[in-house]
1. Can you tell me which residues in the stretch 149-163 are without any contact (Cβ under 8 Å) to a residue 60 or more places away in the chain and farther than 18 Å from residue 179 by Cα?
2. Which residue out of 57, 111, 74 is hydrophobic (A, V, I, L, M, F, W, C) and part of a strand (DSSP E or B)?
3. Within the group 151, 156, 176, 193, which residue is surrounded by 15 or more Cβ atoms within 10 Å (Cβ to Cβ) and in the same structural domain as residue 232 (by TED's automatic domain parsing)?
4. What is the residue count in the stretch 159-171 for residues that are more than 28 Å from the chain's Cα centre (by Cα) and surrounded by 15 or more Cβ atoms within 10 Å (Cβ to Cβ)?
5. Any chance you could count how many residues in the stretch 272-293 are of a type in the set (Lys, Arg) and on the phi > 0 side of the Ramachandran plot?
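The values are calculated or read from the model by the stated rules, or taken from the named source; none is laboratory data. Keep in mind that what you see is a predicted model, and the values were worked out from it rather than measured. Positions of Cβ are backbone-derived with ideal geometry, glycine not excepted, and every protein chain shown enters the neighbour counts.
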Amino acid sequence: MKKWRKFAAVALTVVTAMSVFAGCGDAKTSSGTTAEAKITDSELTTDVKAIKDRGVLKVGVKNAVIGFGYQDALTGEYSGMEIELAKKIAEYIGVDVEFTAVTAATRTELLDSGDIDCVLATFTITDERKKSWDFTTPYFTDHVSVLVENSSNMKSLADMKGKTVGVSSGSTSARSLVQAMIDNKVITGEGFSKETFDAATWTDGVSFKQYDDYPTISTALSAGEVQAFCVDKSILAIYNTGSRSYISEEFAPQEYGIATKKGSTFSELTEKLVKEWLSDGTINGLITENKLN
């Protein structure tokens, strides 16, 4: 009997170890510790209760944007302001947190499908997007800019005329750049419309190549596939090496908010928390801690 118990214990240990290692290749990473809940009974609405019952908050984040959402290639650990905000929401509800790396092209698809509960991924709030998803009060405001190689001698929006610009698929950067070039009378903007603008087909004075992620755009800039890299300046900062510079103009303020499903009762909770953390200095502290100001 003793031998059997010993064998069973060893077998259980092996099975447990195999289960742990089987999850090591998962694209999702959790904190590993369920937090103590701070939520009140009145806040346990239908959608929030579903997260509570599941025991994990699933969050879409960036994994290559230092300061906002970055995943260490060696440890797999995530860091950044948006990572900390996600952890704080999970802690408030009293659940674990699980991160899924998203891009501008995939974040809403994963949100709509229910694979994630919310998006904290430098997601700019626009009137158009608010028709499809809920957004909290902005927790950070950035501006769009353009990064170029110093050897190009490009200094301003005027120098962008006739160039090909790298942008992220699903982002609003291309539209913002065209609008800025129109406002600064660099191009006429004939036929331009915010509602129907398509970076893939726009060729009036500037053209665009779309890529799935920022590192690929940076590589394309180095290789000469594009002459400029356009996105929010806080993101561009990661790729601003000694051989690159920003053009002189910043334009199109970009307000980042937490995105949730349209009409979700979880939206109400995220809005409440963001407002509280803006008011008590928590968010400003995270901005400073992550060197975003």
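1. So the first thing to find is which residues in the stretch 149-163 are without any contact (Cβ under 8 Å) to a residue 60 or more places away in the chain, and the list is 153, 158, 161-162.
Scanning the stretch 149-163 gives a single hit, 153.
2. Details: 111 fails: part of a strand (DSSP E or B); 74 fails: part of a strand (DSSP E or B).
Within the list 57, 111, 74, the selection yields 57.
3. On the way: 151 fails: surrounded by 15 or more Cβ atoms within 10 Å (Cβ to Cβ); 156 fails: surrounded by 15 or more Cβ atoms within 10 Å (Cβ to Cβ); 193 fails: surrounded by 15 or more Cβ atoms within 10 Å (Cβ to Cβ).
Residue meeting the stated conditions: 176.
4. Going through the stretch 159-171 one residue at a time, the tally reaches 1.
5. Initially, the stretch 272-293 is screened for residues of a type in the set (Lys, Arg), giving 272, 275, 291.
Right, trim to on the phi > 0 side of the Ramachandran plot and you get 291.
Of the residues in that region, 1 qualify.
Yes/no matrix, rows are residues, columns are (1) at pLDDT 95 or above; (2) within 20 Å of residue 128 (Cα to Cα):
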{"site": "169", "(1), (2)": "no, yes"}
{"site": "172", "(1), (2)": "no, yes"}
{"site": "184", "(1), (2)": "yes, no"}
{"site": "208", "(1), (2)": "yes, no"}
{"site": "213", "(1), (2)": "no, no"}
{"site": "217", "(1), (2)": "yes, no"}
{"site": "224", "(1), (2)": "yes, no"}
{"site": "227", "(1), (2)": "yes, no"}
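For (1) among the β-branched types (Val, Ile, Thr); (2) in a strand (DSSP E or B), each residue gets a yes or a no:
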residue: 181; (1), (2): no, no
residue: 190; (1), (2): no, no
residue: 201; (1), (2): yes, no
residue: 207; (1), (2): no, yes
residue: 234; (1), (2): no, no
residue: 242; (1), (2): no, no
residue: 248; (1), (2): no, no
